[in-house]
Amino acid sequence: MWNRIPLTLKITGPLVLMEIMGLIFGGLTLIAKIEKARLKEMDALLAGQADLVEESFRLSKGPPNFTDKHDLFGELDRDPKIFFQVVDAQGQSLYVSKGPKASIQTDLTKAMAFRVGKPHRSGELFDVNFAGDKWRATKETIEFHDTAGLPMKWQVFTAIDETASVVELNTIRKMIIVGAIGLAILSSLATAAIVLLTTSNLRLFAQSLSRINPMNPVWTFPISPQSAEEGLLFASFGKMMGEMDAARQNQKLFIANASHELKTPVAGMMAALEVLLARERSAADYQAVCRDLLKTVKDLRRLTGALLDTSLIEGGKLQPYEDYAINEVVETVIERWQPSLKTKDMKLV
């Protein structure tokens, strides 16, 4: 299965997968950092608002008087994005700010009542969610002395509306996701284009190989290589084709020489037989011609043995040649052609 997949997909697939995984990881990391920074900013804002609420109570210089609203208290009390509630030591609600809508005041008051009397750390933060709104709240304790000088403690719940921040974070999250998807698509297309361009010469190279004629294996590839690997491949294949062409030419030459070597003794045998059959001969003449033909057959056997040795050379099983005396070869040639020369009044010098 893997071997049937195109090279382009083998290269592009893993690269695109790694790019997508990197974008997913980077996008999630960026979203988490933005959310963390935004939450930290909201917590700092909430802490600041809680301090302002406490400070507005301390400005009364005694037990907080909710009827005598000074400027800071009145400004916080009217802010629709800020909610605060004062609860006495017995858990009774003493005052609820008037800034948020009545429905929101009711929901927040119920949420705060659930935490009244429960132990908490100073400045502990918690979320309050209802009807699509999200508020960030904290619980603080203020201490003062009543008119009799006795110490008292009130619990102050302060909350700020972070719905807009959540919507903004969701918008940023969507923009990051859409941007990551777009970047993944663009990077995938760019990677595929680069791989296609990089492997284009290989496809053309494969197509050029399919067009080579086995009877006349001539190969030309005029396209310049785009990389060192392609240059090495094209040069190596061109060298191999050159060596194959040289071997083919040597094979043609060998076949021509072998044909000539086979034709010569056959022609001598035919000439001897024609002379022998031209007229009646004595038994001695017939024997002489037969001896010549036997020598010729032996020569043919030697030639076929040489052809066999050639195949053994290609197979790496070459056997050593036998030694021959050149004078015997010359005498054999003279004896073979002597009858034909006599009939034509010719002499071999």
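Things worth noting here:
- Within region 56-90, considering residues that are out of contact with any helix residue (DSSP H, G or I) (no Cβ under 7 Å at 6 or more places or on another chain) and buried (at least 16 other Cβ atoms within 10 Å of the Cβ), the one modelled with the lowest pLDDT: F57
- Test: S93 is more than 60 Å from the chain's Cα centre (by Cα), under 23 Å from M42 (Cα atoms) and either among the polar types (S, T, N, Q) or modelled with pLDDT under 75 (or both): no
- Candidates are the residues of region 91-105 that are of a type outside the set (A, V, I, L, M) and part of a helix (DSSP H, G or I); the one that is surrounded by the fewest Cβ atoms within 10 Å (Cβ to Cβ) is S103.
- Among the residues of region 275-295, those identified as free of Cβ contacts under 8 Å to residues at least 60 places away in the same chain, assigned to a helix (DSSP H, G or I) and more than 29 Å from D309 (Cα to Cα) are L277, A283, A284, D285, Y286, Q287, A288, V289.
- Residues that are touching a Lys or Arg at 6+ places or on another chain (Cβ under 7 Å) and either farther than 13 Å from K295 by Cβ or outside the structural domain of V297 (by TED's automatic domain parsing) (or both), drawn from region 262-276: none
Rundown of residues vs (1) within 45 Å of the chain's Cα centre (by Cα); (2) among the aliphatic types (A, V, I, L, M), yes/no style:
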{"residue": "P214", "(1), (2)": "yes, no"}
{"residue": "V218", "(1), (2)": "yes, yes"}
{"residue": "E229", "(1), (2)": "yes, no"}
{"residue": "G238", "(1), (2)": "yes, no"}
{"residue": "G242", "(1), (2)": "yes, no"}
{"residue": "A256", "(1), (2)": "no, yes"}
{"residue": "S259", "(1), (2)": "no, no"}
{"residue": "V266", "(1), (2)": "no, yes"}
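- Here V166 clears all of (1) surrounded by 13 or more Cβ atoms within 10 Å (Cβ to Cβ); (2) over 18 Å from the mean Cα position of the chain (by Cα); (3) outside the structural domain of M18 (by TED's automatic domain parsing) except the condition numbered (3).
- Within region 129-151, the set of residues being in contact (Cβ under 8 Å) with a residue 24 or more places away in the chain and surrounded by fewer than 13 Cβ atoms within 10 Å (Cβ to Cβ) comprises A131, G132, H145, D146, T147.
The values are calculated or read from the model by the stated rules, or taken from the named source; none is laboratory data. Owing to the predicted nature of the structure, the values given are computational and were not obtained by experimental measurement. Counting neighbours? That spans all protein chains shown, and the Cβs are built from the backbone with ideal geometry, glycine included.
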